[in-house]
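The structure appears below as structure tokens.
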Amino acid sequence: MVFYELFILIRQDINTPTIREMMRTAGTTILKHGGVIRKIRNNGEVPLVKRYHNQGEDYYFGKQTIMQFDSNPMAQREAMKTLQMDPRVIRVGLLKLGDRLHDIVEDPAKTY
């Protein structure tokens, strides 16, 4: 399994229960394929670094949500497709953090 971090920018007029439902949909896709969700964090409304143009509208503010998970590449691809097709989503990004546990964990404290 590969460790990923998924960044999602959502329109600022979307409320929290709707965001929760969107994350549940993406999480269910990952869990269905045998993945593990490690952390979901909602950073709330943030100013965007630049103007994003999506579906005929310009966005200067958005709600940022981050999900960290382990899954196979097929599951993350399906979750990305689902989120990218959602009209409430401005942008989706994915970061591969590592392939193995020792790639992810910093040097453990050594005992002497």
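This table checks each residue for (1) among the aliphatic types (A, V, I, L, M); (2) loosely packed, with under 12 Cβ neighbours inside 10 Å.
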position: Arg51; (1), (2): no, yes
position: Asp58; (1), (2): no, yes
position: Met74; (1), (2): yes, yes
position: Met80; (1), (2): yes, no
position: Leu97; (1), (2): yes, no
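Kindly indicate whether any position in segment 75-82 is among the aliphatic types (A, V, I, L, M), modelled with pLDDT under 95 and assigned to a strand (DSSP E or B).
No.
Filter segment 24-40 down to residues that are surrounded by 11 or more Cβ atoms within 10 Å (Cβ to Cβ) and assigned to a strand (DSSP E or B), then give me how many there are.
4
Across segment 1-23, which residue is modelled with the lowest pLDDT among those that are within 15 Å of Ser71 (Cα to Cα) and open to solvent by less than 80 Å² (accessible area, probe 1.4 Å)?
In this case the residue turns out to be Val2.
The values are calculated or read from the model by the stated rules, or taken from the named source; none is laboratory data. Here the structure is a predicted model, which is why all the values come from computation and not from measurement. Reconstructed Cβ throughout: ideal geometry from the backbone, glycine too, with neighbour counts over all protein chains shown. Accessible surface areas use protein heavy atoms only, side chains included; no ligands, DNA or RNA. Shrake-Rupley method; radii C 1.70, N 1.55, O 1.52, S 1.80 Å.
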